[in-house]
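The structure under discussion appears below in the form of structure tokens.
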Amino acid sequence: MGQSPSTAVTSPEPYHRQINFSSDDSVGGEARDYTAYIPDECLAMIFQFLSSVDRKRCSSVSKRWLRVDGESRYRLSLNAKAELVNRVPSLFSRFDSVTKLALRCDRRSTSVNDDALILISLRCSNLTRLKLRGCREVTEIGMAGLARNCKNLKKLSCGSCMFGAKGVYALIEHCNFLEEISIKRLRGVDNGLSTEIVGNGAFSVSSSLKSICLKELVNGRNFEPLIIGSKKLRSLKLIRCLGDWDVMLEAMGKLNPGLVEIHLEKVQVSDLGLRGISNCLKLETLHVVKTPNCSDLGISDVAERCKMLKKLHIDGWRSNRIGDDGLFAVARNCPNLVELVLIAMFPTGLGLEAVVSNCPNLERLAFCGIGTVGDAEIKYIATKSVALKKLCIKGCPVSNSGIAAFGFGCPNLVKLKVRKCRKVNGEVVQWLREKRGSSGFNFDYRGVESDVLDGSGSDGGGVQESTVVFPHPIVTQVTTLVDAAAAASSSNNNINRFSMLRTKFGFLAGRNFVPCAFRRWVNIDNISGDSF
């Protein structure tokens, strides 16, 4: 009693479900659809992992897949030609759950008009994100109709459209949940609109707006009441917009002290505007790109008051108005600085050493087109900057000796990017690979190229990622155009052309810029790059 039997009881074999795709599984001569047992919710979740092309193919499998794909498609991008208006009813009867819509039209075609946009807004009442590109037939009337029908809109991005600021303000008036606006190249002209809006008090309606981006606008100052009246504004970007913005920035600093990110690029801003920005005590990211009227005084004002600054990008545009004094102020007052990008400036080693010494959390550093950054400054950074993870050096007088310092310093460095430094060649690549090891370290090297240095924000003056991990040693070879022409003479089609080059440009032999200047031309003529 209470004892186990003497004979062992064999455990039953595990049950394995086997699906046999035989002729017995066919019903009425048709193959059985095993996906019929998958719930619509699961099938829709599977479709979310597919690309747009694959989803289009899946929708043609069966009527059920077509229906599930339409009901679960939340993002839609359409070619906004004028002919689209005839397909709107059927198109949005199928895709009745769209919340993110993009309408794009090329400049050679006629875009949708106000009637089509209003019809689309009636079918997409739950729209939260809208992008308009090249919709030149849409006016303020269409934008007002859209605003009345899509009151849940949270994000608007429009570019190369013909309506003006009135269309944007009409949208803001009705969409109380709007959080982000990006406006680029609006063609409409609204003279005196700024004064009219201030008089009507319409600038107080944008209570939820958090991000504003204005790019390449002739009448961008019409949006000044919107910027000043947005009490919850966190991010502001002004890029290549005409007009004097100092007065607006001063008023914004007093009324919107909660700004966290400000990006100024190629706009008329002086130290007065930067002084207004200094009132934003929570500022963490500041880009001052190609604003020649800004100097060390304005940068110092921002650094002394915005002590939470973490990311600072400065493109001096070779005006030599921002230098050591501004960097000294940053070093004294911004100990939390994590990212610093300096472009087309002339600071000395003292200013750079002050930043590296007093900003212990500095993780990302970039120098572009700075003639005063040499081996001594780079060696100091390699010695003192312990927290540095990413470094970009572009167009600076740095040699292999300076780059080799990272074989011993910066223990946390994971990315080193070197561009257009004439004194750096591929010999240091192999040496760094052996010194630091290939694990967890990227060295992206590219020699001097024929294109011109450009420190604009679009060029990625900061630190960028790359998939190149320890490329093979690239030894910069200086070859003569005479040898290149001789090697090319083996081609019957190019004998005469390169014979002429040999006689006309032979005096350039032995110059460093010859292989770079003619590399693209030679590639066009199907000449192998090995001959250069």
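Screening Val168, Val138, Val112 for residues that are open to solvent by less than 60 Å² (accessible area, probe 1.4 Å), β-branched (Val, Ile, Thr), modelled with pLDDT under 95 and touching a helix residue (DSSP H, G or I) at 6+ places or on another chain (Cβ under 8 Å) leaves exactly one candidate, Val168.
Within the stretch 62-95, the set of residues being open to solvent by 90 Å² or more (accessible area, probe 1.4 Å) and closer than 24 Å to Thr35 by Cα comprises Lys63, Arg67, Tyr74.
No other residue among Ile378, Ile322, Ile393 is crowded, with 21+ Cβ neighbours inside 10 Å, modelled with pLDDT of 95 or more, within 26 Å of Leu249 (Cβ to Cβ) and not charged (D, E, K, R) apart from Ile322. Within the stretch 233-242, at least one residue is touching a Gly at 6+ places or on another chain (Cβ under 9 Å), in a strand (DSSP E or B) and open to solvent by less than 30 Å² (accessible area, probe 1.4 Å).
Based on this model, can you work out whether Gly409 counts as open to solvent by less than 50 Å² (accessible area, probe 1.4 Å) and free of Cβ contacts under 8 Å to residues at least 40 places away in the same chain? Against the criterion (open to solvent by less than 50 Å² (accessible area, probe 1.4 Å) and free of Cβ contacts under 8 Å to residues at least 40 places away in the same chain), Gly409 qualifies. The one condition from (1) under 29 Å from the mean Cα position of the chain (by Cα); (2) surrounded by fewer than 18 Cβ atoms within 10 Å (Cβ to Cβ); (3) modelled with pLDDT under 95 that Ala387 does not meet is (3).
Residue pairs whose Cβ atoms lie under 9 Å apart, separated by 6 or more positions or on different chains, with the first residue in the stretch 241-257 and on the phi > 0 side of the Ramachandran plot and the second open to solvent by less than 70 Å² (accessible area, probe 1.4 Å), are Gly243/Leu217; Gly243/Asn219; Gly243/Gly220; Gly243/Glu224; Gly243/Val267. From the list Leu209, Leu214, the lone residue that is open to solvent by less than 10 Å² (accessible area, probe 1.4 Å), assigned to a loop (DSSP other than H, G, I, E, B) and at pLDDT 70 or above is Leu209.
Filtered by the rule that a residue be open to solvent by less than 30 Å² (accessible area, probe 1.4 Å) and either in contact with a Phe, Trp or Tyr (Cβ under 7 Å, 6 or more places away or on another chain) or in a helix (DSSP H, G or I) (or both), the stretch 115-129 gives Ala116, Leu117, Ile120, Ser121, Cys124. Taken together, the residues in the stretch 268-290 that are in contact with a strand residue (DSSP E or B) (Cβ under 8 Å, 6 or more places away or on another chain), open to solvent by 10 Å² or more (accessible area, probe 1.4 Å) and not in a strand (DSSP E or B) amount to 2. Out of curiosity, is Val302 surrounded by 21 or more Cβ atoms within 10 Å (Cβ to Cβ), among the aliphatic types (A, V, I, L, M) and over 22 Å from Gly220 (Cα atoms)? So Val302 passes the test. Looking only at residues of the stretch 243-264 that are open to solvent by less than 20 Å² (accessible area, probe 1.4 Å) and in a loop (DSSP other than H, G, I, E, B), we find that the one that is modelled with the lowest pLDDT is Asn256. Is there a residue being open to solvent by less than 30 Å² (accessible area, probe 1.4 Å), without any contact (Cβ under 8 Å) to a residue 60 or more places away in the chain and touching a Phe, Trp or Tyr at 6+ places or on another chain (Cβ under 9 Å) anywhere in the stretch 173-182? Yes, the stretch 173-182 contains a residue that is open to solvent by less than 30 Å² (accessible area, probe 1.4 Å), without any contact (Cβ under 8 Å) to a residue 60 or more places away in the chain and touching a Phe, Trp or Tyr at 6+ places or on another chain (Cβ under 9 Å).
Return yes when Cys150 is within 27 Å of the chain's Cα centre (by Cα) and not small (Gly, Ala, Ser) and no when it is not. It is false that Cys150 is within 27 Å of the chain's Cα centre (by Cα) and not small (Gly, Ala, Ser).
Beta carbons closer than 7 Å, at least 6 apart along the sequence or on distinct chains, never pair a first residue in the stretch 337-354 that is farther than 16 Å from Leu309 by Cβ and charged (D, E, K, R) with a second that is open to solvent by less than 10 Å² (accessible area, probe 1.4 Å) and at pLDDT 95 or above. Of the set (1) within 24 Å of Phe223 (Cα to Cα); (2) outside any strand (DSSP E or B), all apply to Val85 but (1). Considering the stretch 325-358, and only residues there that are in contact with a Phe, Trp or Tyr (Cβ under 6 Å, 6 or more places away or on another chain) and either over 16 Å from Lys384 (Cα atoms) or of a type in the set (D, E, K, R) (or both), the residue that is most open to solvent (accessible area, probe 1.4 Å) turns out to be Glu353.
The values are calculated or read from the model by the stated rules, or taken from the named source; none is laboratory data. The structure presented is a predicted model; accordingly, all values stated were derived computationally and were not measured. Note that we place each Cβ from the backbone using ideal geometry, even for glycine, and neighbour counts take in every protein chain shown. The area values use the complete protein model at the heavy-atom level, side chains included, leaving out ligands, DNA and RNA. Shrake-Rupley method; radii C 1.70, N 1.55, O 1.52, S 1.80 Å.
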